[in-house]
Amino acid sequence: MALSTANKGWQFGNWPSRGPYHPNNTQTSNRIIVGDSYHWNYGFNYTEWAIKHGPFYLNDTLVFKYDPPTPNTYPHSVYLLPNLQSFIKCDLRNAQKLGNATQGAGEGFEFVLKRPWQPHYFACGEHNGIHCKNGTMKFFVMPIYRWYK
């Protein structure tokens, strides 16, 4: 079982090896492409990606980009899962579909982190969540308030 602790160390301002120049350490909201140049694709570990890119802040925007389905590619989607248990089990029954198999094309679609101090659980839901169940196409973030100087 793999869980993302994308905001590890936040309570102490302790960001090992990141210092004050971490890309998310800005005074304004950020637009963050999920998976960077790899985008939202099978075979990439998004839990590790979230850990490396944390912290995430209130009003940051996550951009999900992925190729539309073709005969040669697997389709992807994005779901917001309601709780940790659903996240661990990749149970999509009460999840909210944020993006279908075609919405990630082009510039992708955006999701703004609006619930401070509450985890946002994301997963690919195609093929009954098989991409989620292997542990890679899922991650969570817990946005924190941005403290202005």
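Points to keep in mind about this one:
- Cα gyration tensor shape for the stretch 29-74, rounded if a/c is under 1.5, else prolate or oblate: oblate
- Cα gyration tensor, the stretch 40-101 - rounded (a/c under 1.5), prolate or oblate: oblate
- Rounded to whole Hz, the Karplus (6.51, -1.76, 1.60) HN-Hα couplings of the stretch 59-64, x for glycine and proline: 6, 5, 10, 8, 10, 9
- TRP49 sits with roughly 10 Å² accessible to a 1.4 Å probe, with DNA, RNA and ligands left out of the calculation.
- Residues with amide H under 5 Å from that of TYR57, placed H, sequence gap 5 or more: ILE144
- The amide H of GLY99, built 1.01 Å from its N in the peptide plane, has VAL78 as neighbours under 5 Å, considering only residues 5 or more places off or on other chains.
- As a calculated quantity, the FRET efficiency between TYR42 and GLN96 at R0 = 25 Å, using C-beta atoms, amounts to about 0.70.
- Listed values for the stretch 132-139 are Karplus-derived 3J(HN,Hα) couplings in whole Hz (6.51 cos²θ - 1.76 cosθ + 1.60, θ = phi - 60°), namely 6, 5, 7, x, 9, 8, 7, 6, and x replaces Gly and Pro.
- Carbon plus sulfur fraction of accessible area for the stretch 30-104, probe 1.4 Å, in percent: 48 percent
- For the stretch 115-128, backbone phi angles converted through the Karplus equation (6.51, -1.76, 1.60; θ = phi - 60°) give residue-by-residue couplings of 10, x, 6, 10, x, 10, 9, 10, 7, 7, x, 5, 6, 6 Hz, Gly and Pro being listed as x.
- Cβ-based net charge around CYS124, under 14 Å, with every Lys or Arg adding one and every Asp or Glu removing one: +1
- Taking a Cβ cut-off of under 15 Å around GLN85, the surrounding Lys, Arg, Asp and Glu residues balance to a net charge of +3, with basic ones at +1 and acidic ones at -1.
The values are calculated or read from the model by the stated rules, or taken from the named source; none is laboratory data. Note that the structure is predicted; figures quoted are calculated from it, not measured. Every residue, glycine among them, receives a Cβ derived from its backbone with ideal geometry; neighbour counts consider all protein chains shown. Just the protein is used for accessible areas: all its heavy atoms, side chains included, with ligands, DNA and RNA removed. Shrake-Rupley method; radii C 1.70, N 1.55, O 1.52, S 1.80 Å.
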